[in-house]
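The structure under discussion appears below in the form of structure tokens.
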Amino acid sequence: MINAIFEQFVAASPVSVMVRATMERIFSDKNLNDLFEETAEKQYTRELLFSSVVGLMSLVVSGIHPSVNAAYKALEKQIGVSKPALYGKLNGLEPPISQALVRYSHRELAAVVKTLGLSGGSQLPGYRLRIADGNHLGATEHRLAPLQATRSGPLPGQSIAVLDPEQLLVSDVFPCEDAHAQERSLLPEMLETVKAHEVWIADRNFCTRAALIDIDQRQAYFIIRAHQNLPWEALEPLKAVGSSPSGDVFEQPVSVTHQGQCLTCRRVVVKLSEPTRHGDTEVAIFTNLPKTVADAAKVSALYLERWTVEKMFQVITDVFSCELKSLGYPRAALFVFCMAVVAFNLLSTVKAALKAVHGAGKIEAGLSDFYLVEEVQGTFRGMMIALPEPLWQPFAVMPVEAFSVALKGWATAIDLKRFKSSPRGPKKPKQKAQFDPKHPHVSTARLLKEKKNKRSP
């Protein structure tokens, strides 16, 4: 009977089955609790397991439950502790635990994406691309006592996210509880993770002499937009070397010196055909990639890949709940953000299976993340009642090859037309009607009747 019900859900909502099976794989109780024990510095487990917190919050950030309170009421028996104990656990989760959770999700899901056959399209064969970008969490409500004395927006933290663009998975996050700390203060921790033959792409906030030299010394490479305050010395005049869709491309060798260390690299300049929204007419980029690997036009094209991480931030903001205004404690807010990043990785894995079956071009061009997640939100609760937990447990221990085959099988049953995106065209400016204070209200029925009479002959 259970198998028959399972097949009914596969036929009616295969994407929900794909998401639930993938959740079972990465939210294994043993793996999550082991991760907590290995990473936690001061926190320890009493009655509430870390895996239970992750399971509950995954339902909140994905929109299956509208709030932490609603999720707690639905899962109170499974959680087994009081509501204050749950919030106490959330408020005390150390940032390294949140970071380790993102790293764990990337490690587990990257193997699945690779088995699906979609991780071989590197734009630089032999090199691994990494895109870094910073993000400040939005202001929370003034619920905490210290916040009630101010009307300024209380910011619970910030982070640097690192995207693997070849697999479209976030590989790392560097959370920071102090929202007013300089973003560059997080760079030393990030630079410790740089490995040889990686190419790091980032905006001008990451452009420091120490960072450029550090990446180069680790036998890695960078494509980083130049900061106007970074001192450098030209070794040759700027020369025109071609053009790109963004504008004419120029290049010159330069040197950067810091604390007695000298780095020779290239400075690529794109004279933009149209100014940016900030009024910039050119974009300067530093890179230490050899010309034989990437010419100036290729470097400028790779830098544009930086917008991939901006799309990720948009997805976790618009589709998932990466910011819960009711959670004011920085550690809780950062954990929620990292849970949304994990949800993004899960969604990317499901989309990778769809690309493997239906074609990458079709999925990237016309599939709506919003409609995919909305389908899961509408099906998930009923599916969990009809299909109990033990039925999903085999997916947690299934070999990665077999799991990828299962994902592809479910992907074939998805009707892509149901999840087709509906992009809006450019808005046409409308002339605002003047307000008549003598007639503050109108009758909708009379106006509709008047319009109908005008149309009739």
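Please treat every number below as a calculation from the coordinates, not as lab data. This is a predicted model, so every value here is computed, not measured. Virtual Cβ from ideal backbone geometry, glycine too; neighbours counted across all protein chains shown.
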>> For region 1-154, compute the orientation-averaged projected area of the C-alpha convex hull (one quarter of its surface), in nm².
In response: 13.8 nm²
>> I'd like the antiparallel share, as a percent to the nearest 5, of DSSP beta bridges with both residues in region 106-231.
In response: 60 percent
>> Quick check: net charge around residue 355, other residues with Cβ under 10 Å of its Cβ, Lys/Arg +1 and Asp/Glu -1?
In response: +1
> Each residue of region 291-298 in turn: what ³J(HN,Hα) in whole Hz from Karplus with 6.51, -1.76, 1.60 and θ = phi - 60°, glycine and Pro shown as x?
Replying inline: 4, 5, 8, 8, 6, 4, 5, 5
> In region 101-196, what GluC sites (Glu not before Pro) fall in a loop by DSSP, with at most 10 other Cβ atoms inside 10 Å?
Replying inline: 192
>> With +1 assigned to the C-beta of every Lys and Arg and -1 to the C-beta of every Asp and Glu, and no other charges, what is the dipole magnitude of region 98-202 about the Cα centre in debye, to the nearest 20?
In response: 120 debye
> What number, in percent, do you get for the relative contact order of the chain if the mean sequence gap of Cα pairs under 8 Å and at least 6 apart is divided by its residue count?
Replying inline: 21 percent
> Hey, of (i) 60, 30, 20; (ii) 39, 32, 26; (iii) 41, 27, 17, which did the structure itself give for semi-axes √(5λ) of the Cα gyration tensor in Å when calculated?
Replying inline: (ii)
> Given Cα pairs under 8 Å that are at least 6 residues apart, what percent is the relative contact order of region 305-456?
Replying inline: 23 percent
> By the scheme Lys and Arg +1, Asp and Glu -1, what is the net charge of all other residues having a beta-carbon under 12 Å from that of residue 303?
Replying inline: +2
> Rg/Rh for region 85-194: what does it come to with C-alpha atoms and Rh from Kirkwood?
Replying inline: 1.07
>> Using helices alone, I'd like the mean residue ellipticity at 222 nm for the chain: each DSSP H run of four-plus residues gives -39500 (n - 2.57), total over residue count, nearest 500.
In response: -14000 deg cm²/dmol
> Of 114/291; 355/408; 355/420, which pairs sit farther than 20 Å apart, going by alpha carbon to alpha carbon?
Replying inline: 114/291
>> Can you tell me which aspartates and glutamates have their Cα less than 20 Å from the Cα of residue 417? Leave out same-chain residues fewer than eight positions away.
In response: 364, 369, 374, 375
> With the radius of gyration and the Kirkwood radius both derived from the Cα set of region 159-307, what is their ratio Rg to Rh?
Replying inline: 0.95
